[in-house]
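The values are calculated or read from the model by the stated rules, or taken from the named source; none is laboratory data. Keep in mind it's a predicted model, so treat the numbers as computed, not measured. When the accessible area is computed, the model is the full protein with side chains, heavy atoms only, and any ligands, DNA or RNA have been set aside. Shrake-Rupley method; radii C 1.70, N 1.55, O 1.52, S 1.80 Å.
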Amino acid sequence: VKRALEIAAAGGHNIILIGPPGSGKSMLAKRLPTILPPLTLDEAIETTKIHSVLGLMNNGKGLIATRPFRSPHHTISDAGLIGGGKVPMPGEVSLAHNGVLFLDELPEFKRNALEVLRQPMEDRQVCISRASGSLTFPTGFMLVAAMNPCPCGYRTDPKRECQCTPPQIKKYVSRISGPMMDRIDIHIQVPAVEYKDLASNTVGEPSSVLRQRVQKARVRQLQRFSSAKIFSNASMSSKQIKTHCPLDAASQKIMSTAIDKMGMSARAHDRILKVARTIADLAGDNAVAAEHIAEAIQYRTLDREGG
């Protein structure tokens, strides 16, 4: 799971964490800002402008130096999420620009609220039209979502029995539409935590080490896209994907097999290539290789399960 979050942070990819209650999904998501790279000057100026529109800047405070982390409750309205009002004002998707939008318990959000997220996620901007005029706000956020695998939450828990019927599980997962799930680059299962792991004194890699690797990968991306107005692999267009993610014969064979077997869409195909490009950047490789493609495909859990 930490590896998936490292990749997401390195490339600015959308990610969903799926696991039983108490497995640490929310905790992991809230720790994500500790491994994100610092804002570039251009990103800091953009972010500061948005927050100043809503009067969220303290008097005398300069540029915002840390990436935003927004975590709206699932009862939020469409206008609160996307923006609105008589005089169009930015919503949570714009306040999370250049940062993280965390949606905990994703299926609990209203279906129409999730559907209106699709266009801002794809276009990285939202246009709000009112009688007084139209305004366009940037929405270049990184979506981090969390959900249980079923209504009771214990379908993937080896210690507790799931009480949900297949129709109940299907109905629960279907609250998130296929087009919405297509726009999430990485699906990762978060297993229940074993007692031996809770009681262990072993310390994993600190956030500072992960952040160094993430920063190195981001530097490679900034150099790659120096002539374009994007900052990460997640923002690549279809044309840029073809330019920066050419595949050799072995990689094409793996991709072809995965798409035929999993029935993925063209959008999911592009998402895999973007994630593979980030994995290659973390490894310091110039070319996307078969092992990068194979790992990226492993992060499409819901595609593999037919969800």
Subject >> Alpha-carbon radius of gyration plus Dmax, which is the widest Cα pair, for region 107-237 in Å >> reply: 20.1, 61
Original post:
Pick from R220, R130, R111: which is most flexible by mean-square fluctuation in a GNM of the chain where alpha carbon atoms under 10 Å apart are linked?
Top reply: R130
Original post:
What Kirkwood hydrodynamic radius, in Å, does region 1-141 give when the mean of 1/r is taken over all pairs of distinct Cα atoms and then inverted?
Top reply: 16.0 Å
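Can you tell me what share of the DSSP beta bridges in the chain is antiparallel? A percent to the nearest 5 is fine.
Details: 8 of 23 bridges.
In the chain, approximately 35 percent of DSSP beta bridges are antiparallel ones.
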Original post:
To the nearest 10 square angstrom, what accessible area does V214 show with a 1.4 Å probe?
Top reply: 0 Å²
Subject >> Over region 175-307: Rg over Rh, Cα atoms, Kirkwood Rh >> reply: 1.01
**OP:** Give me the accessible area of I184, 1.4 Å probe, in Å² rounded to the nearest 10.
**Re:** 0 Å²
Subject >> Computed log₁₀ I(q)/I(0) - Debye formula, equal Cα scatterers, no solvent, region 1-42, q 0.31 Å⁻¹ >> reply: -1.21
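Counting pairwise Cα distances across the chain, what percent come out greater than 31 angstrom?
Values: 14470 of 46971 pairs.
Cα-Cα pairs in the chain separated by more than 31 Å: 31 percent.
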Original post:
With the calculation restricted to Cα positions, what are the radius of gyration and Dmax of region 51-126 in angstrom?
Top reply: 13.0, 41
Original post:
Three principal axis extents, largest first, for the C-alpha atoms of region 236-304, in Å?
Top reply: 29, 23, 21
